[in-house]
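Read-outs throughout are calculated quantities, based only on the coordinates presented, and are distinct from any laboratory measurement. For clarity, every value in this text was computed on a predicted model and none was experimentally measured. Counting neighbours? That spans all protein chains shown, and the Cβs are built from the backbone with ideal geometry, glycine included.
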Amino acid sequence: MYFNTVQALLMMDGHGVYVWPAYLITAVIIVMLLVAPMRRRSRLLQRLAAEVRRAERKTVAGVRGGQ
Amino acid sequence: MWTFFHKLGSPPWLYAIAGAILRWLVPITLIALISGTVWGLLFTSPDFRQGNSYRIIYIHVPAAVVALAGYYVMAIAGAISLIWRMKMADVVMKAAAPVGAALTFIALLTGAIWGKPTWGTWWVWDARITSMLILLFLYLGVVALYESFDNKEAAGKACAVLSLVGMVNIPIVYKSVDWWYSLHQPASIKFTGESTIDSSMLYPLLLMIAAFYALFTCCLLMNMRAELLQRESRTQWVKRIADEKGRG
C-alpha cells in the first residue's frame, strides 16, 4: 500500500480535496444509474399486477352475475 | 443463424436472456469497479509530475472511453431501426442514451476537478472539452427528443436521425488533441507503439476501463428490460410476469 496512515490517504498531499469528491460523485451517479431502472421495472410490475387482479375480480363477478 | 436474428426481435426472449446475463454481470461489474478503485487509490504510486491528483484518471478515462463507445451503440441501433424498422433496435437506442449522458457527465466533471490542481482552472473552452460537452448535449438531446413526441414511432425516427448526425462529433473528440493546440494531454494508451504510461498504472486503468464497459452493458440491459415491459404491457407474457411478481 502506498499510503502509511489513514490521514495520508485522506489528504493525498493536498490533492485529497480533489480526488475524493471526484470518486464520491462518480459513485453516487453509478448507484443512481443502477437503481433507476430497477425501480422503474418494479413499479411497473406492481401496477400491472394490480391491474391483472382487478381484471380477474371483474371476470369472476361477471360470471357470478350471469348465473 | 437466422433463428438467432429472429429471436433477437422477440421481446420475451430478449427480456429473459437480458435477465440471465444480468444475474452474473452485475456482481462481476461491482467487484471489478471496487477492486479497480482500491487498486488505483491505494496501491499505485503518485505520478512524478502531477502527484496524487492523477488518481482521478481511473474514473475519468474509463468514463470518457465508454461514453464514446456508447455513442456508437446508440447511433448504430438508431441506424438499424431506421433502415430495417427493427423495434428492438429502437429499444436499445433509447436505453443507451441516459447511460451515455451520465458517463459523459462523469468524464466532464472529473476532468474539471482534475484540471484545477493540474492546469489551475476548472474549465477551458478547449477542443477536447468542448467536443465532449457537445457529446453530452447530443445524448441529452436524444433523451429529450424522445420524450417530446407522443407518437413513439416518430420519436424513434427523429432520435435515430439526431444520433446519426451527431456521429460527426465522434472523430472530432478523438482527434481534437492532435488537431488543435490543447491543454488536454494526448492519449497515453496506444494500440500501436509503446504506451506512455507505466505498467503499474496501466493495469488498474485497464481493469477500470473493462469495469466501465461492463457497467454500461448492465445499465443498457436493465433499461432495455424496463422499456420492454412498458412497451409490451398489454401482452400476455408481461401480464404473466406481473402476476407472478404480485403473488410471489
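Here are the numbers:
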| read-out | value |
| --- | --- |
| Taking chain B and dividing mean pair separation by its residue count, relative contact order in percent (alpha carbons under 8 Å, at least six apart) | 30 |
| Mean Kyte hydropathy of -0.5 or more with a Cα span along the axis of at least 15 Å, helices from DSSP in chain B | B:11-42, B:57-84, B:87-119, B:127-148, B:152-166, B:199-231 |
| Cα centre as origin, Lys/Arg/Asp/Glu Cβ charges: segment A:6-57 dipole, Debye | 660 |
| Average other protein chain Cβ within 10 Å of Cβ, residues A:26-34 | 6 |
| Along principal axes, Cα extents of segment B:1-99, largest first, whole Å | 54, 28, 24 |
| Highest-first arrangement of A:38-44, B:227-233, A:59-65, where packing means the average Cβ count within 10 Å | B:227-233, A:38-44, A:59-65 |
| Overall form of segment B:18-247 per C-alpha gyration tensor (a/c, 1.5; a/b vs b/c) | oblate |
| Test item: B:222-231 mean partner chain Cβ contacts at 10 Å | 4 |
| Folded to 0 to 90 degrees: helix A:16-66 orientation relative to chain A principal axis, Cα | 10 |
| Rounded, prolate or oblate (a/c below 1.5 giving rounded, otherwise prolate when a/b exceeds b/c) for segment B:56-101 by Cα gyration tensor | prolate |
| Quarter of the Cα convex hull surface for the protein assembly as shown, i.e. its orientation-mean projected area (nm²) | 21.2 |
| Cα centroid separation, segment B:94-109 to segment B:9-67 (Å) | 14 |
| Reach of B:LYS175 by Cα under 25 Å, taken over lysines that are not fewer than 8 positions away in the same chain | B:LYS116, B:LYS190 |
| Dipole of chain B, positive end: most advanced residue of B:LEU228, B:ALA63, B:TRP119 [Cβ charges, Cα centre] | B:LEU228 |
| Other protein chain Cβ atoms within 10 Å, averaged over every residue that makes up B:108-117 | 4 |
